[in-house]
1. Hey, LEU308 hits all of (1) in a loop (DSSP other than H, G, I, E, B); (2) more than 16 Å from the ligand (Cβ to nearest atom); (3) among the hydrophobic types (A, V, I, L, M, F, W, C) but one; which does it fall short on?
2. When LYS421 is evaluated against the numbered criteria (1) touching a Leu at 6+ places or on another chain (Cβ under 9 Å); (2) away from the ligand (no atom under 14 Å from the Cβ); (3) more than 14 Å from ILE211 (Cα to Cα), which criterion, by number, is the only one it fails?
3. What's the number of the condition ALA304 fails, among (1) under 54 Å from the mean Cα position of the chain (by Cα); (2) of a type outside the set (Val, Ile, Thr); (3) crowded, with 18+ Cβ neighbours inside 10 Å?
4. If only one of ASN368, ASN391 is closer than 25 Å to GLY250 by Cβ and part of a loop (DSSP other than H, G, I, E, B), which one is it?
5. Under 8 Å between Cβ atoms, at least 6 apart or on separate chains: pull out the pairs that start in region 442-461 with a residue that is in a helix (DSSP H, G or I) and end on any residue that is surrounded by 17 or more Cβ atoms within 10 Å (Cβ to Cβ) and among the charged types (D, E, K, R).
6. With GLU283, GLU303 as the choices, which residue is in contact with a Lys or Arg (Cβ under 6 Å, 6 or more places away or on another chain) and in a helix (DSSP H, G or I)?
7. Any chance you could count how many residues in region 205-214 are buried (at least 22 other Cβ atoms within 10 Å of the Cβ) and more than 19 Å from ILE410 (Cβ to Cβ)?
8. Out of (1) surrounded by 16 or more Cβ atoms within 10 Å (Cβ to Cβ); (2) out of contact with any Ser or Thr (no Cβ under 8 Å at 6 or more places or on another chain), what's the single condition that is false for ARG106?
Amino acid sequence: MCKAEKASKCAKEKPDAKPSATQACPVVKKIKVLKVEVVVDAPSDKQVMMNKLDTKVLATATMTYRDDSTDTEDLDKLPKIRFTYTDPGNNNTKHNKSYKYDGTNRLGKRDNTAAVFWEAHPESAATSSDSFNTMAKADAKPQPGSGETKTAVAKIWFKPSGVGGDNFTIDASVYKPDGTTKICDASSSEIEVWREINFNNIYTMDSESYIDAATKDAEINPAFKPKAYVEYTQGTVTKLASSLDVKYIGLYKSGGGSLVWPTDFSPAKLESTPNQLAPTATELSDYKGTNSAKKAAAKTKIEAKAQLWFSAIITAYRKSLDAWFTDAGISTASNTLLAVKYYHPKLSGQSDGATTFWPAGIQINVANPGSGLTNNKHPDDTTWREVQGFNRGKIVVIFKNYGTAARLKIICRHEIGHATKSEFERDLFGTGDHSSSKLMTPYGSASTFSAADIKILRGIA
Ligand SMILES: [Zn+2]
């Protein structure tokens, strides 16, 4: 039987009696609440990562009280702690203005009476008058300790919205039994909804580090922070086996190492029958001779062979490329950045691309087959065209001749922008997850996201 019950029983038995010296009502001890404090279990930078929408934030309220009060205004028993939240700035994204992520649910919770913001913590039974929407009342559990003042702790789970930039404070208050007279209250520090991407899909040739440097947090985060409320962290950079560390992946030999350029790629080496690719002695002498009809005919034949040789080189480097990727064993299914050295001697703008297989004056089309373009050059020219990178599935290969640091930054930020799609709920930037302006255009036309894409990253519809 508690002191409060004793008191009421006494009052009931002797409703009009004044306590006498010989028959005193027992001295009633009441609960006097002195203060309440509340803390949220969030990092010091207040970010709550909401990639997973069932993420819960622990709020702990500590009530300080005395239980020896004789003031009849005080409480008969330890009160519950009432938890509510505030939206500092009153600018959180409304439910119906937030991204609908699975055809039904939305990231935003503001102005949604069906949203559940609270969940009872196992250590504190809780009730709510509005299905845990705006408020919850949790039992405060007395803590061990002696002395005049005592403490009781109530815990509750807070379930924020999923829109980047939404912010909340958790408010704890203690009321008298009438439910309307507030005894004391307190607010927590602010928490802010963020999403994060820990980008592990970075691969590099053992001897290279340009992509490690270009994907560091300081290089990427300015695109995301603070406006998009996305925190990028560079994950593990995977170094590839040294057997894959060749100057040109287009010369790679299955199992490791490199074919010999240009010796292994002479017309005679690449042909399947004699003089299929290599000009005959007669063709060469006719071409060098003074008989203009013979010279023209020989030129046509040699150019046709040179064009076939060009095709054979392409077939060869594609085979090498396949062998390199097979040996590297990198999945093409997830957004990946890959640093290698160069593509191929004829495609990299390096000085060792020149060959000496063909007579002067021969011209072939060295444009990328399938491009429909014409780019006539001498086949022995050092560089047919320069390739700085390409896509293979979701792998973006960035060659060492990537060009400028500014371009490399755009490529890395663009690919990491795509990769956020599988890290947290957001809309597509557009068709093919590409946007109509700035960083996420198919080419990547700026180093920062457009305002519309920032909204998409936050989860605002
Ligand atoms: Zn893209």
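The values are calculated or read from the model by the stated rules, or taken from the named source; none is laboratory data. Please read these numbers as outputs of a predicted model, since none were measured by experiment. Backbone-built Cβ (ideal geometry, glycine too); neighbour counts: all protein chains shown.
1. The failed condition is (1).
2. (2)
3. If we test ALA304 against (1) under 54 Å from the mean Cα position of the chain (by Cα); (2) of a type outside the set (Val, Ile, Thr); (3) crowded, with 18+ Cβ neighbours inside 10 Å, just (3) comes out false.
4. Working: ASN391 fails: part of a loop (DSSP other than H, G, I, E, B).
One residue alone meets the criteria, ASN368.
5. From residues that are in a helix (DSSP H, G or I), the pairs are ASP453/LYS438; ILE454/LYS227; ILE456/ARG426; ILE456/ASP427; LEU457/ARG195; LEU457/ARG426.
6. Working: GLU303 fails: in contact with a Lys or Arg (Cβ under 6 Å, 6 or more places away or on another chain).
Criteria check complete, one pass: GLU283.
7. Here the count works out to 1.
8. (2)
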